[in-house]
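Accompanying notes for the structure given below.
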Amino acid sequence: MFGYTFQWNQALARLPKMLDGAAVTMEVAVLSMLIGIALAVLLTLLRLSGSRPLKAIATTWVEIARNTPALFQIYMAHFGVASFGIHFSPFTSLLIGITFNNAGYLAENFRGALKAIPDTQTRAGRSLGMSQLQAFRYIILPQMLRIAFLPMTNQMVWAVLMTSLGVTVGMNTDLYGVTQDLNALTFRTFELFAIAAVIFYIITKIITLGARLIASRLFRY
Amino acid sequence: DKLDDIIASGTLRCAVVLDFPPMGMRDANNEPIGFDVDYCNDLAKALGVKAEIVETPFPERIPALMSGRVDVGVASTSDTLERAKTVGFSVPYFAFEMAVTANEKSGIKSFDDMKGHTVGATAGTFEAIALEKQVQEWGTGEFRPYQTQADVFLALSQGQIDATVSTSTVAMANVKTGNFPGISVVGKAPFDTDYVALFTNRDEYGLINYLNLFVNQQVRTGRYAELYEKWVGGDLPSLTVPNAYR
Amino acid sequence: MIEIQNVHKSFGQLEVLKGIDLTVQKGEVVTVIGGSGSGKSTLLTCINGLEPIDKGRILVDGTEVHAKSTNLNKLRQKIGIVFQQWNAFPHLTVLENVTLAPRKVLGMGKAEAEAIAEKQLKHVGLGEKLSTYPTRLSGGQQQRMAIARALAMSPDYMLFDEVTSALDPQLVGEVLETLKMLAEEGMTMICVTHEMAFARDVSDRVAYFHKGIMAEIGVPEQLFNDPQHPETRKFLASVR
Amino acid sequence: MIEIQNVHKSFGQLEVLKGIDLTVQKGEVVTVIGGSGSGKSTLLTCINGLEPIDKGRILVDGTEVHAKSTNLNKLRQKIGIVFQQWNAFPHLTVLENVTLAPRKVLGMGKAEAEAIAEKQLKHVGLGEKLSTYPTRLSGGQQQRMAIARALAMSPDYMLFDEVTSALDPQLVGEVLETLKMLAEEGMTMICVTHEMAFARDVSDRVAYFHKGIMAEIGVPEQLFNDPQHPETRKFLASVR
Amino acid sequence: MFHTALTSADLIFLAKGAGMTILVTAISVFIGTLLGIVFGVLRGQLGPIWFAPVTFVLDIFRSVPLLIQLVLANAFVGMVLRLHISGLTVACMVLSLYTAAYCTEIVRGGIHAVPATTRRAARSLGMSWLQDMRYIVLPLATRIALPSWIGLALGVMKDSALVYVVQVTELLKSTQILITRLQEPLFLLLICGAFYFIISFPLARFGGYLEKRWSND
Ligand SMILES: Nc1ncnc2c1ncn2[C@@H]1O[C@H](COP(=O)(O)OP(=O)(O)OP(=O)(O)O)[C@@H](O)[C@H]1O
Ligand SMILES: Nc1ncnc2c1ncn2[C@@H]1O[C@H](COP(=O)(O)OP(=O)(O)OP(=O)(O)O)[C@@H](O)[C@H]1O
Ligand SMILES: [Mg+2]
Ligand SMILES: [Mg+2]
């Protein structure tokens, strides 16, 4: 039917290597999410703070993250900042790029979620003697994370997909990087990338299903 | 067969990589020039047809051939056995020596000095594959493949990597541009010579046969030496392997 | 003792409190009535320092609430407040709602906090609902939970701001019963309310607010049966 | 004339209409009363073909509504319907709400459609609100607009489905007045309602629905004063 | 402030790259939106079960890195189908479907948000399905969907930075080429980032403004 002979076994023989790559991909994605969430909470706090310069820093971060390509952010983290003599390994550059992106998008989600929480909640906490920070930590934050849970799941999926951009900064241990290396060896472009696509698809499905499971466990109210 | 088709159509379409000086590049007027370009023109002349240069980046070479966008690849393609499962190679028409280029700050003076350093090369090339293997053998240091030759030299001049292995021709050409301050070619890499071959579809025996004879004729008539002198210069690498048929 | 002395408070152009003077003795129950926007809620939020004031001062057991040196978080531990809108923390169970502040603010251990919480929840009639989430509770139950939550901090004073206004009529009774019980136990309370019968029954004194001024204050019999101020008369006529 | 003959209708397992027979003459006003879920709304949506039926047939001026060959869009032009929920088109002004169908469905010119629309809007007392957006209207005004919108198609029949149920009590009157006016002008109407006084005043006949069956039908005096069916008696007792 | 070797010819080169970015985005968003509307409406008509196969296929476009989609499409078209198709075409095809995958959800959500009772009212005035769609659903759904759609279009613009893998020289690739020649990575990257930002930021703000305005009334 096609003028091309598929050689799936050739490509499938490399599956173990690709799965190793998938593990690295997950490692980057999970790390970037964990750090990203922490930073996003921090950015949210900065944006809530009365201080103008702090607000400006947070807003700038969020807007740059949301309004420039992720590829640009990652490329910048490697080749851009190197102009200041700061060198990051490909892994670190990729992690920084994705984390920067995650934090920006998540901070925006958190802001939307905060709007949905009435400020009487903080008042109620404060009048029980809690400090501003305690009220945020114990009352606002958990509710915010719940409202933002679905967007967070989507961001996690994007984080996984974004790891594929690591090749532009010399990353070759993640799933995409491994696949590209194998392709250079064998020229079985279609088969190899098709397998990579399937692995990515499965990963994202596991994430969305897992998130649903976690949500049903975590949010019983 | 394809050979007939080419002669009948009156044009030979060659896949050439144009960001790989001096094998393929563009002059000030954006016209393709380089060793591979001349080689394609010679081939067309031998066939009695017109040459058409199709710019094809490294990863695009095989898809371009498969989709029939080109007839022959004259694209500095290493003739590995893996790849030969997919395309048909002629006998080698060129051979690269591998050279080490280092950032002067790194203090690397030879191939062996690279041990323990962060090194890089263009993803998917012969030298990248060999260098990555070497780094693994050394067991220390780090290997980074970048997407383009340009990124490799950018990373090298920024000091993100300390050294790279590339074909000596490319290394010379890049250092000569002056675009990358602080780097210099420091020696040869003891890798196998990288023989590169013309390629076409695997089952086009007639054409492959013709290509083999053409390469042979280029050497016999001295045209190979002439082109080498024009684009590269220096000692003419031998295209034959002692005690081997091909 | 809560001493409110010549308190003025504006929101932007709008002067909401125009010099309020009021002293509430230990064990006393004072109800505050008055038209919408007369500044009743604002006064309560000033007493526990949620809002700054512009002039005058408020002393709680001799500590000036709005002095710079006052540790407000500490002060608020002895002033419980319950608002009109139910402010249950929706992500916590009823028990967790009540133990949160004792644990995080007072640094109580889990077991101790839960013992206190259970006691207070039983007190307000929610002993069966410990592990329910507030969204499953009726409005009246949520308000009673909010009261238990405030009581769990063992406050010396309780402020109630129209705690029954947002409730369906059939739920009002259960909450008022709870307040009555507290009053009978001797808690010092300031209750803003629209429930005149409750005010008459429970209060030691009733204050009538009108446009930022405390127009009149007196024992219930006097204020309800023989109001002095013409605005008080108008108001009482309108709510009957 | 609307002829409903042995109409059956189920949603999945649930049989909602279990053989309804009813003929409404030109100029007649029939009100339908009955408990929640008895199938009143369903019957109306079957009459103008918004819902398919399982058995029986419905004829409007001799045209079978659920026949394959029937052009429903055409048929619906002569049957106006107004629902319980206000169904204003929020992106259009009051005038545009009313002119939309005449222009797009009947192909009327703008001027002509607006003339008709203004007439109908004045008729229902919204002559002043032509360029207002519906979100600015009260619920009662929105319902009257919906009536004008249906009337602008010059329907021969009007179906009303509890048009006052979602309204605040003080707005009910103005809408019922409008219906009364229509009835007096001789419009053929089927009104589903919970307003017994209205049903008694305006209807030629009143039908009582019970669990998908038309348990009883008769002139208002008879049905309200001397109900035959035990369920009717129960129902009337409950709503009084 | 900066001393740069950037020439006006280089600026034109960058502008061309930017033009390519905008071209690819415009084509893909246009086709993708049309497809998204068709799919979104179809999904509403057919119901989730009958539409499941399409949902599955569209979901793939949201679950696989765009880079892989591009490489695969290119390999498939070139090596398997052996069609002579330019990289630009492949890029637009992939990005269109990518857009369609997200747009379908947006359209579905928009239509879903139009109350069934409002549509019923339209139909009972004698409007046909098409008239209902045209005069009632379209304007109402647009209000709901437009802010997300703007976000999607901007997302596609940013993601179009990846089409370099199929040999389309768009803005970021042009920047990389210039970096090779001029060796001023930071400066050039800043120009490139500023370009994306200048297009994206105001539009994103506008989307946010619309969302706020329309959610109020
Ligand atoms: N945070 C605020 N910012 C601006 N104005 C406010 C604020 N809080 C209250 N106000 C205004 O202050 C005035 C008094 O409000 P307050 O809530 O104290 O009245 P109230 O007596 O409690 O009325 P109600 O019986 O309606 O609760 C009102 O006009 C109100 O609009
Ligand atoms: N689209 C539908 N799908 C499934 N069930 C429906 C649907 N519409 C109505 N029903 C069910 O059919 C039954 C009759 O509904 P209908 O709306 O006709 O009752 P009704 O007499 O109008 O009641 P009410 O006075 O509450 O409006 C109810 O049990 C309802 O749940
Ligand atoms: Mg108040
Ligand atoms: Mg009904």
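So the values come out like this:
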read-out	value
Of all residues in region E:112-132 being within 13 Å of D:ALA88 (Cβ to Cβ) and small (Gly, Ala, Ser), the one that is farthest from the other protein chains (Cβ to nearest Cβ)	E:ALA122
Condition met for D:SER154 (closer than 24 Å to D:ASN73 by Cα and surrounded by fewer than 20 Cβ atoms within 10 Å (Cβ to Cβ))	yes
Candidates A:ARG146, A:ARG137, filtered to the one that is open to solvent by 40 Å² or more (accessible area, probe 1.4 Å), facing another protein chain (nearest Cβ under 8 Å) and among the charged types (D, E, K, R)	A:ARG146
Scan of region E:52-81 for residues that are surrounded by 17 or more Cβ atoms within 10 Å (Cβ to Cβ) and within 10 Å of chain B (Cβ to nearest Cβ), ordered by number	E:VAL71, E:ASN74, E:ALA75, E:PHE76, E:VAL77, E:GLY78, E:MET79, E:VAL80
Residue satisfying condition, being more than 9 Å from every other protein chain (Cβ to nearest Cβ) and within 21 Å of the chain's Cα centre (by Cα), within set D:GLN84, D:GLN120	D:GLN120
Set A:SER127, A:SER131: member being among the polar types (S, T, N, Q), surrounded by fewer than 24 Cβ atoms within 10 Å (Cβ to Cβ) and without any contact (Cβ under 8 Å) to a residue 60 or more places away in the chain	A:SER131
Entirely in region A:124-221, the helices (runs of 4 or more DSSP H) that have 3 or more residues that are modelled with pLDDT of 90 or more and hydrophobic (A, V, I, L, M, F, W, C)	A:141-147, A:149-162, A:189-218
Test: residue in region E:149-161 that is within 23 Å of the chain's Cα centre (by Cα), open to solvent by 50 Å² or more (accessible area, probe 1.4 Å), aromatic (Phe, Trp, Tyr) and at pLDDT 90 or above	yes
Matching helices (runs of 4 or more DSSP H) fully within region C:1-107 where at least 1 residues are within 15 Å of ligand 3 (Cβ to nearest atom)	C:40-47
Strands (runs of 3 or more DSSP E) completely within region B:1-112 that count 3 or more residues being over 30 Å from A:TRP8 (Cβ atoms)	B:11-16, B:50-55, B:87-103
Matching residues, region A:49-65, being over 12 Å from A:LEU106 (Cβ atoms), in contact (Cβ under 8 Å) with a residue 12 or more places away in the chain and open to solvent by 30 Å² or more (accessible area, probe 1.4 Å)	A:THR59, A:ILE64
Options D:ILE213, D:ILE190; residue that is hydrophobic (A, V, I, L, M, F, W, C) and either without any contact (Cβ under 8 Å) to a residue 24 or more places away in the chain or surrounded by fewer than 22 Cβ atoms within 10 Å (Cβ to Cβ) (or both)	D:ILE213
Residues within region D:61-81 that are more than 12 Å from the chain's Cα centre (by Cα), closer than 17 Å to D:PRO102 by Cβ and touching a residue at least 40 places away in the same chain (Cβ under 8 Å), tallied	2
Selection status of D:SER165, within 14 Å of chain E (Cβ to nearest Cβ) and away from ligand 4 (no atom under 16 Å from the Cβ)	no
Near pairs, Cβ below 9 angstrom, 6+ apart or cross-chain, from region D:27-40 (under 14 Å from D:ALA183 (Cβ atoms)) to any residue that is basic (Lys, Arg) and more than 9 Å from ligand 2 (Cβ to nearest atom)	D:GLU28/D:ARG205; D:VAL29/D:ARG205; D:VAL30/D:ARG205; D:THR31/D:ARG200; D:THR31/D:ARG205
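Residue-wise test of (1) at pLDDT 90 or above; (2) within 16 Å of ligand 4 (Cβ to nearest atom); (3) within 22 Å of D:HIS210 (Cα to Cα).
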{"residue": "D:GLN5", "(1), (2), (3)": "yes, no, yes"}
{"residue": "D:ASP21", "(1), (2), (3)": "yes, no, yes"}
{"residue": "D:VAL29", "(1), (2), (3)": "yes, no, yes"}
{"residue": "D:GLY35", "(1), (2), (3)": "no, yes, yes"}
{"residue": "D:LEU43", "(1), (2), (3)": "yes, yes, yes"}
{"residue": "D:GLY56", "(1), (2), (3)": "yes, no, yes"}
{"residue": "D:LEU59", "(1), (2), (3)": "yes, no, no"}
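Residue-by-condition table, conditions (1) of a type in the set (Val, Ile, Thr); (2) loosely packed, with under 14 Cβ neighbours inside 10 Å; (3) more than 14 Å from chain E (Cβ to nearest Cβ); (4) more than 16 Å from ligand 1 (Cβ to nearest atom):
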residue: D:SER10; (1), (2), (3), (4): no, no, yes, yes
residue: D:LEU14; (1), (2), (3), (4): no, yes, yes, yes
residue: D:LEU17; (1), (2), (3), (4): no, no, yes, yes
residue: D:VAL29; (1), (2), (3), (4): yes, no, yes, yes
residue: D:ALA67; (1), (2), (3), (4): no, yes, yes, yes
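The values are calculated or read from the model by the stated rules, or taken from the named source; none is laboratory data. Because the structure is predicted, anything quoted here is derived from the model rather than measured. Methodologically, a virtual Cβ is constructed for each residue, glycine included, from the backbone with ideal geometry; neighbour enumeration extends over all protein chains shown. Note: areas computed on protein heavy atoms with side chains; ligands, DNA, RNA excluded. Shrake-Rupley method; radii C 1.70, N 1.55, O 1.52, S 1.80 Å.
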